[in-house]
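First comes the structure, then the notes that go with it.
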Amino acid sequence: ASDRGDVTTVQAMLVFDDAARTKAEQLFSSMPPEPRGSWRSVDDMAASLITMSGMQAPFPAADVLEHIELEPLSPERARLHLRGTRRDGLEFQRTSTGWSYVISEVLVDRYIQQQAAGR
């Protein structure tokens, strides 16, 4: 979905950890209207950013994806390992609709640091 720019589908596939949502909401509410653009919520912001990232750097080809390792963290959570890629360490959570991409506190902190460094 992110490779195709489908923000709506990406948003439906996201789940925030509690601490991540709190930090992301604080960031979102502190943003002036101009940088916020058309984002109506922290969920819109996250889906848009992940979609843009996926369009700029799509997931690797199938032959690379064959080397993914999944580390079970619990029956409902797993960490993806794809060494040498920026997707190494992403987490996924089983939800009522299937597996969802986890917005973790680490991801939010990384985004905040990148924004601070870019100013």
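Couple of notes before you dig in:
- Which listed residue is at pLDDT below 90, surrounded by 14 or more Cβ atoms within 10 Å (Cβ to Cβ) and not hydroxyl-bearing (Ser, Thr, Tyr), from 20, 62, 47, 1: 1
- Residue list for the stretch 88-119, restricted to those being buried (at least 16 other Cβ atoms within 10 Å of the Cβ), not aliphatic (A, V, I, L, M) and not in a strand (DSSP E or B): 104, 105, 111
- Residue in the stretch 86-93 that is among the hydrophobic types (A, V, I, L, M, F, W, C), modelled with pLDDT of 80 or more and under 23 Å from residue 116 (Cβ atoms) present: yes
- Hits in the stretch 15-47 - residues which are in a loop (DSSP other than H, G, I, E, B) and over 12 Å from the mean Cα position of the chain (by Cα): 31, 32, 37, 38, 39, 40, 41
- Residue 40 meets the conditions (1) under 19 Å from residue 15 (Cβ atoms); (2) at pLDDT below 75 in every case but one. The failed one is (2).
- Between 34, 76, the distinction of being open to solvent by 70 Å² or more (accessible area, probe 1.4 Å) and at pLDDT 90 or above belongs to 76 only.
- Selection from the stretch 4-17 of residues that are buried (at least 17 other Cβ atoms within 10 Å of the Cβ) and basic (Lys, Arg): none
- Within the stretch 45-66, residues that are closer than 8 Å to residue 2 by Cβ and of a type outside the set (Gly, Ala, Ser) reach partners that are at pLDDT below 75 and surrounded by 17 or more Cβ atoms within 10 Å (Cβ to Cβ) with beta carbons closer than 7 Å, at six or more positions or on different chains, in the pairs 50/2; 51/2; 55/2.
The values are calculated or read from the model by the stated rules, or taken from the named source; none is laboratory data. This structure is a prediction, so every number in the text was calculated from the model and none was measured. Here Cβ is always computed from backbone atoms with ideal geometry, including for glycine, and neighbour counts include all displayed protein chains. For the accessible areas, the whole protein counts, side chains as well, though only heavy atoms, and no ligand, DNA or RNA atoms are used. Shrake-Rupley method; radii C 1.70, N 1.55, O 1.52, S 1.80 Å.
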